[in-house]
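The values are calculated or read from the model by the stated rules, or taken from the named source; none is laboratory data. No experiment lies behind these values; they were computed from the predicted model shown. Don't worry about glycine lacking a Cβ; one is built from the backbone with ideal geometry, like all the others, and counts go over all protein chains shown.
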């Protein structure tokens, strides 16, 4: 059956997305550990299909301030990947990279913005490269677009962009533990439905 919506994914197909999430998360942890020059332990990612309201509830509501990083991908498949980074994740990474711990997002300066964009770029590449490697596809990433805003405002971007396709997202969440802190990160994977079909076909999944 053709995939018309993320909710059309059957149990086997969802398991495939979970495995892609597992591999991507492992790659991201390794890349982040190299960048921060500190060991990073990662929890087993939780991959699920949720609506935007549930996603916001999971992170504390639409008014929570968050770092949102949006990266588009194109080539053999198209879509976008969005990282939602809480303050503790920003604190952990900026402290390791720049020696600049933060107590609020307002303290992040231009150097901190650039550092977080690079972290997002590396993590996105880890997830996308996992898909490319497992499917033998060519996938290219855009330059990250980063903003600090309320969660509701940030999630309105993919919600509007994909309004005609689905009101749900592929949601990946895990914890990364560094030498000094543990931080959660949340990823929205948003391939278009044609791309989901291509991924499943490339892996021999119906």
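Going by the conditions given, is residue 103 without any contact (Cβ under 8 Å) to a residue 24 or more places away in the chain and either outside any helix (DSSP H, G or I) or under 30 Å from residue 3 (Cα atoms) (or both)? Criteria met by residue 103.
For every residue, the table says whether it meets (1) buried (at least 19 other Cβ atoms within 10 Å of the Cβ); (2) touching a strand residue (DSSP E or B) at 6+ places or on another chain (Cβ under 7 Å); (3) over 23 Å from residue 13 (Cα atoms).
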{"site": "101", "(1), (2), (3)": "no, no, yes"}
{"site": "142", "(1), (2), (3)": "no, yes, yes"}
{"site": "145", "(1), (2), (3)": "no, yes, yes"}
{"site": "148", "(1), (2), (3)": "no, yes, yes"}
{"site": "156", "(1), (2), (3)": "no, no, yes"}
{"site": "174", "(1), (2), (3)": "yes, yes, no"}
{"site": "177", "(1), (2), (3)": "no, yes, yes"}
{"site": "198", "(1), (2), (3)": "no, no, no"}
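When 148, 187, 172 are checked against the criterion of being closer than 16 Å to residue 54 by Cα, at pLDDT 85 or above, in a strand (DSSP E or B) and touching a helix residue (DSSP H, G or I) at 6+ places or on another chain (Cβ under 6 Å), a single residue qualifies: 172. Take the stretch 56-77 and flag every residue that is within 29 Å of residue 137 (Cα to Cα) and touching a helix residue (DSSP H, G or I) at 6+ places or on another chain (Cβ under 7 Å). Result: 68, 69, 70, 71, 73, 76, 77.
Restricting attention to the stretch 1-29, the residues being within 20 Å of residue 183 (Cβ to Cβ) and touching a strand residue (DSSP E or B) at 6+ places or on another chain (Cβ under 9 Å) number 7.
The number of residues in the stretch 151-167 being under 29 Å from residue 30 (Cα atoms), at pLDDT 90 or above and out of contact with any helix residue (DSSP H, G or I) (no Cβ under 6 Å at 6 or more places or on another chain) comes to 1. Apart from one condition, residue 117 fits all of (1) surrounded by 20 or more Cβ atoms within 10 Å (Cβ to Cβ); (2) assigned to a helix (DSSP H, G or I); the exception is (1). Applying the set (1) more than 22 Å from residue 61 (Cβ to Cβ); (2) touching a strand residue (DSSP E or B) at 6+ places or on another chain (Cβ under 9 Å); (3) surrounded by 20 or more Cβ atoms within 10 Å (Cβ to Cβ); (4) modelled with pLDDT of 85 or more to residue 124 leaves exactly one unmet item: (4).
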